[in-house]
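Scroll down for the structure; my scribbles are underneath it.
The values are calculated or read from the model by the stated rules, or taken from the named source; none is laboratory data. What you see is a predicted model; the values in this text were computed from it and never measured. Using ideal geometry, Cβ is built from the backbone for each residue, glycine included, and neighbour counts are taken over all protein chains shown.
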Amino acid sequence: MTQVSYNTDGLRIVVSSPVGIDEYTEVFFSSPIAFQVMDEGEMYTLWKDSKCSSKHAVYKVISGGWKDRVKNGFLVVSGSDDKIAEYLVVTVGDCVSVLSPLPPEILEF
C-alpha cells in the first residue's frame, strides 16, 4: 500500500503492483462512514477462513468482517444499516476495511 489519505473529498487508497512493475491502483471512496488500517498479519482469523484467495485488491465483504464484529458496540448506527456496505482493500503489508454507502471508484494507472 503506497498511500491512505482522508479529507473532506473522501478516502483515497493507492495500492502498488509487485516490485518491478510500475503500475498502481487508486481506490476512492467519496462517502466513507468509517475505516480502519491494519497490518495484514493482525487479520489472521479473516485469512484462515477466507475466500480472498484471488489476486484482487478490493473485495466487498458480505459477512463476518469488521462491520459484523463491532456493530453491537462501536458502530451502533452504521453497523446496523443494511445500506452501508463493507469493503476490504488488501495488500501484502496492510489492509483497509471501509464502510460506505457507495461502492469505490477504481482507477488503474
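Miscellaneous remarks
- Test: residue in the range 41-48 that is at pLDDT 70 or above and within 14 Å of the chain's Cα centre (by Cα): no
- Looking only at the range 66-109, residues that are of a type outside the set (A, V, I, L, M, F, W, C) and farther than 14 Å from ILE33 by Cβ come to 9 in all.
- Any hit, the range 49-58, residues being in contact with a Phe, Trp or Tyr (Cβ under 9 Å, 6 or more places away or on another chain), β-branched (Val, Ile, Thr) and modelled with pLDDT of 75 or more: yes
- Each residue in the range 17-42 was checked for being in contact (Cβ under 8 Å) with a residue 24 or more places away in the chain and either surrounded by 15 or more Cβ atoms within 10 Å (Cβ to Cβ) or more than 10 Å from MET1 (Cβ to Cβ) (or both), and 17 of them qualify.
- Matching residues in the range 82-106 - criterion: being within 16 Å of LYS67 (Cα to Cα), not hydrophobic (A, V, I, L, M, F, W, C) and not in a loop (DSSP other than H, G, I, E, B): GLU86, TYR87, SER97, SER100
- Every residue from the range 57-101 that is exposed (fewer than 14 other Cβ atoms within 10 Å of the Cβ) and within 21 Å of SER30 (Cβ to Cβ): LYS60, VAL77, ASP82, LYS83
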